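**Student:** Below you will find the structure I want to go over with you.
The values are calculated or read from the model by the stated rules, or taken from the named source; none is laboratory data. In this text, all values refer to a predicted model and were calculated from it rather than measured experimentally. Neighbour counts are summed over all protein chains in view; Cβ atoms, including those assigned to glycine, are modelled from backbone coordinates with ideal geometry. Areas reflect the complete protein model, heavy atoms only, side chains present, ligands, DNA and RNA absent. Shrake-Rupley method; radii C 1.70, N 1.55, O 1.52, S 1.80 Å.
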Number of protein chains: 2
Amino acid sequence: MSAMILVVEDEPAIRELVVLNLQQAGHRPMVADSAEQALALVRESLPDMILLDWMLPGMSGVELARRLKADSRTRGVPIIMLTARGDEQDKITGLETGADDYITKPFSPREMNARIKAVLRRRAPQMAGDAVEVTGLRLDPATHRVTGNDRPIELGPTEFRLLHFLMAHPERVYSRAQLLDQVWGNHVFVEDRTVDVHIRRLRCALEVTGHDGLVQTVRGSGYRLSVHPEG
Amino acid sequence: MSAMILVVEDEPAIRELVVLNLQQAGHRPMVADSAEQALALVRESLPDMILLDWMLPGMSGVELARRLKADSRTRGVPIIMLTARGDEQDKITGLETGADDYITKPFSPREMNARIKAVLRRRAPQMAGDAVEVTGLRLDPATHRVTGNDRPIELGPTEFRLLHFLMAHPERVYSRAQLLDQVWGNHVFVEDRTVDVHIRRLRCALEVTGHDGLVQTVRGSGYRLSVHPEG
DNA sequence: GATTTTTTGTCATCAAACTGTCATAATGGC
DNA sequence: GCCATTATGACAGTTTGATGACAAAAAATC
């Protein structure tokens, strides 16, 4: 479970606390101490999640959330609000602006981790770090192991990530561009056709346990991982 | 799970209660009735965890926590705050000073144990102090001794800690950064590649009993200790 | 307090693995 | 059969990890 998480918090003490805890949990934190800086960072590279302080100097956290949810590029990024008090009205407003969850200060690191994991599981399953299994094909991010009917399968790093993503979102077609965004990263410049090659390498590797049929081509659209026979 | 836990609490009744409960749970409690005495004790020997009363005569618990977190030697020791009431402001300040969790009095022994266990598991599972063994490779923290099939194995301090951590978390991949955090300490500034070198030294040492295969490389991700054959 | 002995972090180098791209063959739809 | 799309094999460049050497730092010894 290694997600890039942007922490937007102006108070240095709390910020450091959160960052430390995130690192402990194996995430890669980025920090911003204002909404403006956060926007700039997000423009550079899209994080997997944003922890957002309710109260910020300058542009408030609510306003920032609103903007992020208004932009199609950033809309999908889950947001967890950090709020000082458990004010019901705040909570309502927060959820209205599109926050995915809500943590009331003071929060224990355990609570924070639990909520982060829950949101990740909901919004970006491959980030949650759970093992996934489909008809005997099993991929465990924690041990970084792939097995087909309990026989080990060798995968390169890219094929691993690709399979991980596909298994986390089965029965759904993804275009090459989407796969490039999700598996390679949304900033790299790679030829579309490169996906074909990695799909082939993946199929090759899965062939030894007969699981290569799971990776299906959808002509004109992209690829899909499905348990249903092709066609 | 047997950890050395320092209890800092001025009220004798509560202190005894806590100590009793800790012993019941198999831990080894040390006690201090003031922050000053706590500091002296910590100077002697580093506990695995500190239960710290919020209100203390003389130097307060908050101040003590702050000092402990400021010192690189003691920074890694998890702190659980004992607070009298669920005072919101107290909790905020507590977390700011770097407490890992807090327990609100009055607390049930079960709650206390649960939180202690959780924090220990999260922060320093290898602190549990029990000997670990994997397919004939045995590491005993108490005697600081490593054997492979009952034949002694010589390890440098860093290699020992590294192996200890890996054996306490088998079958799981850790990035170099994570290993640096966990084994070196999350405050040191060391080159990532240094991990490679120590992994190699560790493997070299384990080679004499044929246990070097346990330490596996996961290309692009990090290292893993596993009983399953590589790849 | 000086001198060995260990331990540690860093580098340069080498081998192996991985990656992206292309040219070409194969395939499916019409 | 023709066209668009995908599969495949080969390849060169790049990245990554292993390894041996080395000097600084720390610890132990005298």
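**Student:** From A:Glu171, A:Glu191, grab the single residue that is farther than 26 Å from B:His228 by Cβ and away from DNA strand D (no atom under 13 Å from the Cβ).
**Tutor:** On inspection, the qualifying residue turns out to be A:Glu171.
**Student:** Of the numbered conditions (1) at pLDDT below 90; (2) more than 15 Å from DNA strand C (Cβ to nearest atom), B:His169 fails exactly one; give the number of that condition.
**Tutor:** Single failed check for B:His169: (1).
**Student:** What residue, of B:Arg161, B:Arg193, is near DNA strand C (Cβ under 9 Å from one of its atoms) and closer than 21 Å to B:Val77 by Cα?
**Tutor:** B:Arg161
**Student:** Identify all residues within the stretch A:117-139 that are within 14 Å of chain B (Cβ to nearest Cβ) and farther than 15 Å from A:Phe165 by Cβ; write none if there are none.
**Tutor:** Hits for the stretch A:117-139 are A:Lys117, A:Arg138.
**Student:** If we keep just the residues of the stretch B:212-231 that are more than 8 Å from DNA strand D (Cβ to nearest atom) and β-branched (Val, Ile, Thr), which is most open to solvent (accessible area, probe 1.4 Å)?
**Tutor:** Per the stated criteria, the residue is B:Val227.
**Student:** Between a residue in the stretch A:147-159 that is within 10 Å of A:Gly136 (Cβ to Cβ) and within 10 Å of chain B (Cβ to nearest Cβ) and any residue that is among the polar types (S, T, N, Q) and within 12 Å of DNA strand C (Cβ to nearest atom), which pairs come within a Cβ distance under 9 Å, given they are 6 or more apart or on different chains?
**Tutor:** Going by the 9 Å Cβ cut-off, there are no qualifying pairs.
**Student:** Among the residues of the stretch A:202-211, write down those that are more than 14 Å from every other protein chain (Cβ to nearest Cβ), more than 9 Å from DNA strand D (Cβ to nearest atom) and open to solvent by 40 Å² or more (accessible area, probe 1.4 Å).
**Tutor:** Those that are more than 14 Å from every other protein chain (Cβ to nearest Cβ), more than 9 Å from DNA strand D (Cβ to nearest atom) and open to solvent by 40 Å² or more (accessible area, probe 1.4 Å): A:Glu207, A:Gly210.
**Student:** Could you tell me whether the stretch B:203-214 includes any residue that is in contact with a Lys or Arg (Cβ under 6 Å, 6 or more places away or on another chain) and assigned to a loop (DSSP other than H, G, I, E, B)?
**Tutor:** Yes: the stretch B:203-214 contains one or more residues that are in contact with a Lys or Arg (Cβ under 6 Å, 6 or more places away or on another chain) and assigned to a loop (DSSP other than H, G, I, E, B).
**Student:** Looking at the stretch A:122-136, is at least one residue under 25 Å from A:Asp48 (Cα atoms), out of contact with any Leu (no Cβ under 7 Å at 6 or more places or on another chain), surrounded by 15 or more Cβ atoms within 10 Å (Cβ to Cβ) and free of Cβ contacts under 8 Å to residues at least 24 places away in the same chain?
**Tutor:** yes
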